[in-house]
1. Step through the residues of the range 192-203 one at a time and calculate ³J(HN,Hα) from phi using the Karplus curve (6.51 cos²θ - 1.76 cosθ + 1.60, θ = phi - 60°), rounding each to whole Hz and writing x for Gly and Pro.
2. Which loop-located GluC sites (Glu not before Pro) does the range 61-121 contain, where loop means any DSSP state but H, G, I, E or B and the Cβ has at most 11 other Cβ atoms within 10 Å?
3. Before anything else, pin down the relative contact order of the range 155-243: Cα pairs under 8 Å, at least 6 apart, normalised by residue count, whole percent.
4. Please list, in chain and number order, the residues 5+ apart from S76 or on another chain whose amide H is under 5 Å from its amide H, with Hs placed from the backbone.
5. Just the projected area, averaged over all directions, of the convex hull on the alpha carbon atoms of the range 17-116: how many nm²?
6. For the chain, what relative contact order do you get, as a whole percent, if you take Cα pairs closer than 8 Å and at least 6 residues apart?
7. Tell me the GluC sites (Glu not before Pro) within the range 22-77 that lie in a loop according to DSSP and have at most 10 other beta-carbon atoms within 10 Å.
8. Once each part is reduced to its C-alpha centroid, what is the distance from the range 162-196 to the range 22-60 in angstrom?
Amino acid sequence: MSRSAGFFVAIEAERWYVARVTGEEPEVCELPFDRREGLAAAAAKVASVLGEWGYRGQGIRMGLSSDMIFNALVDSDGLPRKQRHRAMIYRLEEQLPLDAERLTVDFLAVNGSRMLGAAVETDRVKAVIDALSAAGVEVAGVCATALLALWRVRPDGGYGDDYGVVASASHADAFRLNGDRPVAWYSAPRESPAELVNAVKADQLLSPDESGRPTACVVGELAPEAAGELQEQVGLELRPASPEA
C-alpha cells in the first residue's frame, strides 16, 4: 500500500521551496520569488506545483526562514500564573525591536524557569498565509524551517552533540542542545560566517563544554569558511547528521 504524501512550503527572501514527502527523501521544487510580482503570484506557483503532485486541499506545513524569526531567552521566574504567557511575551519584547502587540510568539522550555522565545511579525506571516489560502493552499501549521530540519534528523547514535548546525541557501543557524532540546539559538546570513562564529564562541565562554571538545551535527552544506572557523576558532568537531530512523 502506497504511503500518502505530505506537503510542505518553505518561505525564503528570494525563493520559495515546495516539497512532497512520501519517504525518507522529499521531492523539492524551487520557485524564485519576485517581489515585483508579489505574494499572490508566488502563491499561485505553489498551488500549481502542488496540484501537479496530487494536492487535494489538505492542510500543509509552512516553514519560515530564520530572518523572519526573532528569538531570545526569557526567565519566567516570578511571573504570575494568570496570563503568564502574556507576561512572558512582554519580557521577550524587551529584547526585540518590535512591540509585543505586533508579534506572535511561542516558547520552548529550556531548563528551570528559562524559556527560549521565538517570535514572528504577525502581519508579515499572515499575508503569506492569506495569499496561499486565496490560491487554494491551506496552511495547517507554521514553524522555523531550521528547527524542522534539525528535528527531522539525528546524528549517528542519537543526539549526543552540543550543537546542531543547520545550513540553508540564505542562513546558517546554530542551536545549543541539551539532549534533543534546543536551549539557545544563533543565526547569521550565509555570507556573514563571522557573526555565527562569534555567537557560538561567546556561548562557549558562557557555558563551556566540560566533557572535552564540543561536537556539532551539521544539517545541509555549511559554507567552507564557516566550517573552517567553527573548527579552528571555536574548536567544534563537525559531523554530518543522518536521517532519523
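Where a number appears in this text, it was derived from the coordinates with a stated rule and is not lab data. Just so we're clear, the structure is a prediction, and the values are computed from it rather than from any experiment. In this analysis, Cβ positions are derived from the backbone assuming ideal geometry, glycine residues included, and neighbour counts consider all displayed protein chains.
1. 3J(HN,Hα) across the range 192-203, in whole Hz: 10, x, 4, 4, 5, 4, 5, 5, 5, 4, 5, 4.
2. When the GluC sites (Glu not before Pro) of the range 61-121 are filtered for loop state and at most 11 Cβ neighbours within 10 Å, E94 remain.
3. Relative contact order comes out at 33 percent.
4. Those qualifying (amide H under 5 Å, at least 5 residues apart or on another chain) are R114, M115.
5. 9.8
6. Taking the mean separation of contacting Cα pairs over the length of the chain, I get 16 percent.
7. E24
8. Between the Cα centre of the range 162-196 and that of the range 22-60, the gap is 26 Å.
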